1. For residues that are touching a residue at least 12 places away in the same chain (Cβ under 8 Å) and among the polar types (S, T, N, Q), scanning just region 152-191, find the one that is surrounded by the most Cβ atoms within 10 Å (Cβ to Cβ).
2. Inspect region 120-136 for any residue being surrounded by fewer than 20 Cβ atoms within 10 Å (Cβ to Cβ) and touching a Pro at 6+ places or on another chain (Cβ under 7 Å) and give the result as yes or no.
3. Of the residues in region 221-262, how many are under 18 Å from W80 (Cβ atoms) and of a type in the set (F, W, Y)?
4. How many of the residues making up region 78-111 are within 26 Å of the chain's Cα centre (by Cα) and part of a loop (DSSP other than H, G, I, E, B)?
5. Being within 24 Å of the chain's Cα centre (by Cα) and modelled with pLDDT under 90 narrows it down to one residue among A73, A43, A48, A39; which is it?
6. Is at least one residue of region 59-67 modelled with pLDDT of 80 or more, assigned to a helix (DSSP H, G or I) and of a type outside the set (A, V, I, L, M, F, W, C)?
7. What are the residues in region 236-252 that are closer than 30 Å to S102 by Cβ, buried (at least 17 other Cβ atoms within 10 Å of the Cβ) and either at pLDDT below 95 or among the β-branched types (V, I, T) (or both), if any?
Amino acid sequence: MMEIMKYEARQRVKGTVTLLVIVSFYLFLLVWMFPSIEASGEAFTEYAQSMPESLQAAFAVESITTIGGFLAAEIYQFIWILMLGLYFTYLGGGLIADDIESGRIDLLLATPVSRVQIVVEKYLSLMVPILAINILMPVVVLVAVHSIGESLPVSDVIVLHVLSVPYLLVAAAIGLLLSVFFDRSTIPQRVGLGVLFGLFTLETVTVNTDIEWLGALSPTRYYDPAAIIVDGEYDIAGALVLLATTLLLVIASAEWFRRRDV
């Protein structure tokens, strides 16, 4: 049972460890910069407030001189929402198309497994890096913050990472959906990067405008790290929307792959 998922998950261990090391190093580096940001005080706040309103809202710069606001702007809005979102979209884009391009899909289809099972199990293998980074990083964040004499509510940090799981699942599902449409992995991977970045930009530029409703198309609308870590507000409804979207994307991917000619 679940042999495809187990195999794919084992293949992702090395990449997951590398990802954890890189993100942890970058996180510590940024946190150690915070005292200089805090010391700049009013001057840095004035600079942040001179930025366009949409960018202020997107990166929570109004509270950047607090440790929570700094983490939201420099780490979670940039690394988690943008960079990790793009990373998992890229991984999702290669799930099926990579096997089609290499010819490995013929071996899989020759075994007694359904096409739907192949799609679902390959997608579930991405839970390894998604869960690993969200289990370890709260510890890394709290240790890094403590190392500079600051503190954060532990519950907020934990919830911040729990609620990031649905967002990253959606990002990966976007890549998966594209992956079942193409025979070359580079195409869905590149298109997926463009789609997610485009949705991120759409949400950013439409904030506080007459077309702000368009931002509802972006998964970033439903995961706001600043609201959690700065204000202690948890958007459970947004997480449920992301999970429902993930389910629909995975079902659509499985159904299309079941019907298409490989």
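The values are calculated or read from the model by the stated rules, or taken from the named source; none is laboratory data. In this text, all values refer to a predicted model and were calculated from it rather than measured experimentally. Here Cβ is always computed from backbone atoms with ideal geometry, including for glycine, and neighbour counts include all displayed protein chains.
1. Within region 152-191, the match that is surrounded by the most Cβ atoms within 10 Å (Cβ to Cβ) is S179.
2. no
3. So the count comes out to 3.
4. 3
5. A73
6. no
7. Across region 236-252, the qualifying residues are T245, T246, V250.
Every residue, every condition in (1) among the charged types (D, E, K, R); (2) in contact with a helix residue (DSSP H, G or I) (Cβ under 9 Å, 6 or more places away or on another chain); (3) closer than 23 Å to A227 by Cβ, yes or no:
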| residue | (1), (2), (3) |
| --- | --- |
| T65 | no, yes, yes |
| G68 | no, yes, yes |
| A73 | no, yes, yes |
| I79 | no, yes, yes |
| L86 | no, yes, yes |
| G92 | no, yes, no |
| I96 | no, yes, no |
| D99 | yes, yes, no |
